[in-house]
Amino acid sequence: MKQIQSISYPIYFDSIATHLNQFIADGKYSRFFILTDEHTSKHCLEYITSKVDPDKYDLLEISAGEESKTIDFCIGIWKMLIDFDADRNSLLINLGGGVVTDLGGFAASTYKRGIDFIHIPTTLLSQVDASIGGKTGIDIDNLKNIIGTFTQPKAVFIEHTFLQTLPARQIKSGLAEMLKHGLIADVAYWEKLKVSNLELPSTELVYESILIKNKVVMADPTERGLRKILNFGHTIGHALESYSLDNDKNPLTHGEAIAAGMICEAWLSHQKAGLSAEALQEITDTFLSIYGKYDVKESCHPMLRGIMKKDKKNQGGKINCSLLTKIGETQIDNICTDDELCDSLKYYASLAYEPA
Ligand code: NAD
């Protein structure tokens with residue numbers, strides 16, 4: 001069985017069939033609960049329930065999408081746990097994408113001052129990113145992850161088979177975080193990933209992406225220093241994601257927003273951190289070719305800056321970015337001015353892009 005040790009818990013690969021039951025038995029839980037959203041109930045739940053004791057669990061379901069990552073849904077989960085008489089020796093299994101793992105992790109870390117939880121991530125994005133490292137959270141007024149905890153799961157089970165039912169757009173969303181892992185810490189991985197099968201990244205590529213993220217979070221579990229490198233693309237990306245959630249009928253996925261954010265922050269990296277013009281071009285071309293271009297009107301810039309000012313990564317009212325010095329190396333705590341951030345958005349807006 002392939003396994004990686006994380007901060008305080010194991011990450012198991014393709015071993016639900018052989019290991020989930022034993023894990024639950026070893027924990028001597030009074031009862032366990034499986035949290036799904038409407039899509040993972042349909043596509044992933046049976047894979048789990050067919051392998052565990054039907055008398056030992058209850059099901060909790062939320063609607064799918066970022067709109068569910070709110071305090072209201074969290075209260076809904078707490079109330080369901082209360083209704084099911086969940087005690088402090090209960091286990092919550094979060095079966096879903098980053099919304100389910102972030103929200104379920106937050107609900108579990110606060111219910112009765114904290115119950116155990118495990119993640120079974122079912123999207124590419126949650127496998128390579130959201131389930132690893134212990135960040136839990138909810139949004140308020142579409143301000144991303146503004147409330148949350150650092151609480152580590154008891155285990156993470158990565159199962160490549162879940163990606164079979166994932167829509168192509170969601171595969172691409174996860175791919176953005178994989179590409180980011182190469183950009184911030186491993187140029188060889190970036191090179192390999194760019195030319196691989198981007199329609200369904202292999203188990204091996206998923207594994208390597210998790211290795212990169214895990215190494216970073218192990219070194220800095222609560223984001224005091226090194227872990228900030230993971231925020232490359234996320235200052236502008238999160239602002240675009242929040243803006244899109246508020247304004248678009250079909251909002252950007254997390255990965256689409258981060259991809260646009262990475263182009264802007266690569267431009268900032270070129271201006272402020274020594275990233276070469278060639279590397280900026282390579283990053284821009286790669287993300288444009290996979291994600292196309294989001295229409296960011298100049299009239300939206302003040303609103304985007306307003307969102308960035310509320311970003312939880314800021315310090316003393318200053319907007320704090322993680323920028324690339326070259327592909328594979330990142331510099332943290334680079335303060336960016338309003339003008340610089342706007343200019344990076346203008347760079348993005350100026351890019352020529354012809355949809356295929
Ligand atoms: P998501 O959870 O909304 O899932 C995307 C869609 O895929 C949903 O409609 C979901 O129902 C569906 N889905 C999930 N698994 C499926 C499957 N196997 N087959 C078919 N459909 C399936 O989104 P996401 O992209 O997984 O996660 C995004 C969230 O993760 C954001 O809220 C982001 O802030 C968060 N995040 C957290 C961290 C962290 O460190 N905690 C890191 C990165 C992102």
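Note on the chain: along the principal axes its Cα atoms extend 59, 38, 38 Å, ordered by decreasing extent. At q = 0.08, 0.13, 0.14, 0.18 Å⁻¹, work out log10 I(q)/I(0) for the stretch 3-165 with the Debye formula, treating every Cα as an identical point scatterer and leaving solvent out; two decimals please. Summing over Cα pairs of the stretch 3-165 leads to -0.19, -0.52, -0.62, -1.09. Cross-link partners of LYS51 among lysines, defined as those whose alpha carbon lies under 20 angstrom from its own and excluding same-chain residues fewer than eight positions apart: LYS2, LYS28, LYS42, LYS154.
Of the chymotrypsin sites (Phe, Trp or Tyr not before Pro) found in the stretch 97-177, no site is in coil according to DSSP while having at most 10 other Cβ atoms within 10 Å of its Cβ.
About its Cα centre, the stretch 308-356 has a charge dipole of approximately 260 debye under the convention of +1 per Lys or Arg Cβ and -1 per Asp or Glu Cβ, with nothing else charged. Charge tally for GLU208 (other residues, Cβ to Cβ under 9 Å; Lys, Arg +1; Asp, Glu -1): -1. Computed from backbone phi, the HN-Hα couplings of the stretch 70-76 come to 10, 5, 5, 5, 5, 4, x Hz, rounded to whole numbers (Karplus: 6.51 cos²θ - 1.76 cosθ + 1.60, θ = phi - 60°; Gly and Pro given as x). For the chain, the longest principal axis of the C-alpha atoms and the axis of helix 254-272 are separated by about 40°. What is the distance in Å between the Cα centres of the stretch 154-174 and the stretch 4-62? Comparing the Cα centres of the stretch 154-174 and the stretch 4-62, I get a distance of 16 Å. Each Lys and Arg contributes +1 and each Asp and Glu -1, all at the Cβ; summed about the Cα centre of the stretch 3-165, the dipole is approximately 500 debye. Taking Cα atoms only, the orientation of helix 203-219 departs from the longest principal axis of the chain by about 80 degrees. Using the Cβ-Cβ distance between THR151 and SER299 with R0 set to 35 Å, the FRET efficiency works out to roughly 0.30. Most simply put, the chain has about 40% antiparallel DSSP beta bridges, counting only bridges with both residues inside it.
FYI, it's all coordinate maths here, none of it is from the lab. Just so it is clear, the model here is predicted, and its values are computed rather than measured. So basically every Cβ, Gly included, is an ideal-geometry build from the backbone, and we count neighbours across all protein chains shown.
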